[in-house]
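The values are calculated or read from the model by the stated rules, or taken from the named source; none is laboratory data. From a predicted model like this one, the values you see are computed outputs, not experimental measurements. Here the Cβ positions follow ideal geometry from the backbone for every residue, glycine too, while neighbour counts run over all protein chains shown. Just so you know, the surface numbers come from the protein's heavy atoms only, side chains and all, with ligands and any DNA or RNA stripped out. Shrake-Rupley method; radii C 1.70, N 1.55, O 1.52, S 1.80 Å.
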Amino acid sequence: AAHLRMHPEVVGVWEDKPEQVTTSRTPALLGLTGPDGQHTLGIKGEDIIVGIVDTGISPTNPSFADDGSYAPLARFKGTCDKGQDADFACNNKLIGARYFKESFQSVYAIQPGEFISPRDADSHGSHTASTAAGNANVAATIAGQSYGNITGIAPRARVAVYKACWNSDYVAPSGAQERGCFYGDTMAAIDAAVADGVDVINYSIGGSRTDLTTISVAAKLRATQAGVLVSVSAGNDGGNNTIETVGTPAPWVV
C-alpha cells in the first residue's frame, strides 16, 4: 500500500469498507408536478442517461419498459451483461447493466436467492432507479394492494444499472439480513459508468459520518471531474438517528 501511494499514477489508497444502501422521495415533494414544475413544462430528462449504482434492477418492472417511444441511443458505450441469468434483458429504456462483486465476495458469501447478474434480489436498486428515471404514470402495486401511479424524477431518461450491493450472510442483532456495498465494487461501478458515457450517477448508499477521504468520495469527485453529475443520498442516520441529521457527510460538507 505504501509503495502504491508513492506511484505517480495512483490517486490514493484506502482501506476497503462496506456501506449500506439508503433511499429518497418523490417528484411531488420537489415541486416538479406543480404549476411551474419541470414536468408540467415538459422537461423530463429526454435522452439523459442515469447510471444507478445499487442492488441491481428488476428488468421486467414496467417503470423500465420500452413502450416503443424510445429510439436507440448510439452514444452509450456500455453493455447488457446478463451474467448467469439468461432471462435478463435490456431495451431502449434500460439500456445497460453490469455487476461487480469481487470485493463483496472476498468477505461474504453470495446468499441463496441472489442473482449472479444485474438482477435485483433486494428491491432497493429498482426503487431508486424508478425514483430517478422510471416511466411516467406506472401503476404501483405491492402484494396486490394498489398504491396509485408513480413517475420518476426524469421519466424520459434512460437507465444503466451497475449492481455493486449484495445481500450478505451477516445477520444484525435485530434479526435482519444486511446488505453490503464495498468501496472496491462501488468504485469499479462508478468507473464503468463514467466510461460507458452516463450523464448522471445516482448513489443512494450511505457512508461513514466522519471519514471524508474514503475511496468512494474520491470516485465521486473523479466522476464529477469527468463531467458526470453524481447525486449522493444524504441519508438520515446522523446523531441519535434523527431525521434532521445527515448520515453521509460527503459530498454535502466538502
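Just a few scattered comments:
- Using a Förster distance of 25 Å, the FRET efficiency for SER123-ALA89 (Cβ separation, nearest 0.05): 0.85
- Computed accessible area, THR33, all protein chains, 1.4 angstrom probe, square angstrom: 80 Å²
- The distance linking region 5-77 with region 115-133 is 11 Å (Cα centroid to Cα centroid, whole angstrom).
- Taking θ as phi - 60° and the Karplus parameters 6.51, -1.76 and 1.60, the scalar couplings of region 128-135 work out to 5, 5, 6, 5, 6, 8, x, 4 Hz in sequence order, x denoting glycine and proline.
- Ranked from largest to smallest solvent-accessible area, with a 1.4 Å probe on the protein heavy atoms, TRP166, TRP14 come out as TRP14, TRP166.
- Exposure rank, largest accessible area first [HIS39, HIS3; 1.4 Å]: HIS3, HIS39
- Rolled with a 1.4 Å probe across the full set of protein chains, the surface gives ARG5 an accessible area near 130 Å².
- Extension reserve of the MET6-ALA143 stretch, reckoned as 0.36 nm per residue once the Cα distance is removed: 43.8 nm
- For region 67-200, Kirkwood radius (reciprocal of mean inverse C-alpha pair distance, Å): 16.2 Å
- Cα-based shape type of region 34-102, given that a ≥ b ≥ c are square roots of the gyration tensor eigenvalues and the cut on a/c is 1.5: prolate
- Each of MET6, MET187 has its accessible area taken with a 1.4 Å probe; listed largest first, they run MET6, MET187.
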